[in-house]
1. How many residues does segment 369-402 contain that are farther than 30 Å from residue 67 by Cα and surrounded by fewer than 20 Cβ atoms within 10 Å (Cβ to Cβ)?
2. Looking only at segment 68-86, which residues are closer than 15 Å to residue 457 by Cβ and surrounded by fewer than 20 Cβ atoms within 10 Å (Cβ to Cβ)?
3. Could you list all residues from segment 768-800 that are under 23 Å from residue 733 (Cα atoms) and surrounded by fewer than 17 Cβ atoms within 10 Å (Cβ to Cβ)?
4. Scan segment 679-707 for residues that are at pLDDT 85 or above and farther than 22 Å from residue 813 by Cα and report the count.
5. Taking into account only those residues within segment 232-260 that are in contact with a helix residue (DSSP H, G or I) (Cβ under 7 Å, 6 or more places away or on another chain) and farther than 19 Å from residue 788 by Cβ, which is modelled with the lowest pLDDT?
6. Would you check which residues across segment 629-671 are under 30 Å from residue 709 (Cα atoms) and either over 32 Å from the mean Cα position of the chain (by Cα) or in a loop (DSSP other than H, G, I, E, B) (or both) and list them?
7. Do the conditions hold for residue 444, that is, is it under 28 Å from residue 318 (Cβ atoms), in contact (Cβ under 8 Å) with a residue 24 or more places away in the chain and touching a strand residue (DSSP E or B) at 6+ places or on another chain (Cβ under 8 Å)?
8. When segment 755-766 is examined, which residues are found to be surrounded by fewer than 17 Cβ atoms within 10 Å (Cβ to Cβ), part of a strand (DSSP E or B) and touching a residue at least 24 places away in the same chain (Cβ under 8 Å)?
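The values are calculated or read from the model by the stated rules, or taken from the named source; none is laboratory data. Just so we're clear, the structure is a prediction, and the values are computed from it rather than from any experiment. Quick reminder, even Gly has a Cβ in these numbers, built from the backbone with ideal geometry, and neighbours come from all protein chains shown.
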């Protein structure tokens, strides 16, 4: 289908929908009943609340509609007397009887509270995480989660069903790492430089809710084959000046302070979230690599060995400041403009100590102690501007967004490796020092416009454009020492990688409701340009020889694709529904996955990107079921996804080029400047297919006012099919993860919360991984007339959050054990001023002006 055909098709849709809307409005003398429905506690709009308009003189004569994404409704009816009923699942209904309609009727804001009969079956608001099911997402309102008090956004995400955060901070959705992270509906500097590292620094208190979107609508970027995690940050709407201050401290040494402040008048709203964090995060690793008999290796070209044992200790110090300052200005009752600036700076110091022992037939040959000192300075700023114009109070509106961000990161690493013992005949063992320097700069522009028009009483059409333009330049240098103590530049691994990712998209979608059945159909057209240039002193032929596969040092790839979405929901009753979703998605390789020059995590282990990586595409189906009983809420789903050209990573025993330590410039002209060193390379590649299927179930149970329980379980199976460098890496695997949380109110108003998470063992592409157990506990109490909260928590109580794995290749086998962060103890104090306790826990965050997406 060509772009011209798609544009014509969209034009015809708009024409037909507009005609239908205008035709519906024609007829006799009619008047409009309008209003807005919100949650009484959270003060957030209730989408898909049902409005029934019943003729008071003839109950069989009825009409109605549903609320839109902002909770608004508008219904045209003839002159007469009516009873109006407002309903929403598990909420108390509100009725307006005998309203004589001889002019337009505005019912204003209609707050609905959770019904008394179902108050206990939903986790008490403002106390723990609560789920709300929409057509294309599940919304988890982050409540008073004691275990994350004083923690980070990553800690909070790890307590959300369907989401798991590994020991290195990597985020997965239903066990799939190909997930898109958005902040307030957009890519953001807050999500980190080319990853999710910053989420481990931002305070958890900044989150209002998390949207888990496993079947994204067409309004969302098609990136992320697993789906989207949209993090909505707090932004208060209470009149006057109010806010909160959070202090926390703990062991291993960490401390932080953050403030959430808000000042609102009738004309504008000023808001800020500002914080500083200091943390020390010791970790460890152990790697036992055994080479097979025909794969004996050599240490420094002189000492043979067939086993290497590496014991790694990591001491990390992270310092970070971040602030988000913004103002929303209300131009009039129908339009507003919001501007915000986000700024973040970080300074990290890491010291890795690697003790290496080399054996030959279990006899120790030589031992070294490698010290790797790394300093990292980061700075990011982001400017965003949002404009919203409402044509009426019925949901007809236009929004426009502009966003610019700049990220800079400078990293310097100093490496030395003295010999601890030498049991061989080799004399004068010299291990050269190394120094690496990495400078990265990223610039990104976002332009977006969205148009929403209701059609009739229960339908809605949307269309929009998004352009995302990103450029990232990585300048990497490697210096290695010779026998004279000189640091020589290794041109074989020194390079500049200039990478651009430009994505432009048009979308349209249409949703409607017929009785108990609702649907949302969408189509997104995206053009992706992945462009990269490698600036190196080596020729393309030399690079191909060094890296053992053909690479393109100057590539410009364009991909044009259609991404349809279908989301359906059928209400079996007031407390029960079924959802069905289908979507097509794309997973684009990030810059560090494409850069072919290796980064040296240790002398023996490197990561190397693959510039030949192609985007992966997936088709996914999701069937969900929700049921509420008196004190129990059940959510469940089964899903299937087929991904083509899926990414995977494997380990290989290969040679890389390093500086010859005996080489002295200007000395022997026949002396070789470079020699080969044997290392284990970790590299990504495209598989043929990845078939993934699974199921998940979640339960919220409140048997008593003092006891709240919730848990979830996710089981999945995947089948990989593909090869790389002539080796077949096909495999089948099943795994699972589950979490459980309990909250008990003890005497004296003390709350006790326990969270447990377990990820089951799994078969990997090259080996196996053992299960991982993590338990967090916390105590909390309200003080100072409930204006303040003090809490104590322990994360990873058993100090068991470790990844233990076994890797098997044709050349070697390896046992490894890795712990990114040790057990932590934290104390947190939160003080609230000019607001009640529950207001602090329920900032409404009506993010229409924050660019929140996909609310239909």
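1. Of the residues in segment 369-402, 10 are farther than 30 Å from residue 67 by Cα and surrounded by fewer than 20 Cβ atoms within 10 Å (Cβ to Cβ).
2. 76, 78, 85
3. Result: 768, 770, 771, 773.
4. Count: 17.
5. 235
6. Within segment 629-671, 629, 630, 631 qualify.
7. yes
8. 763
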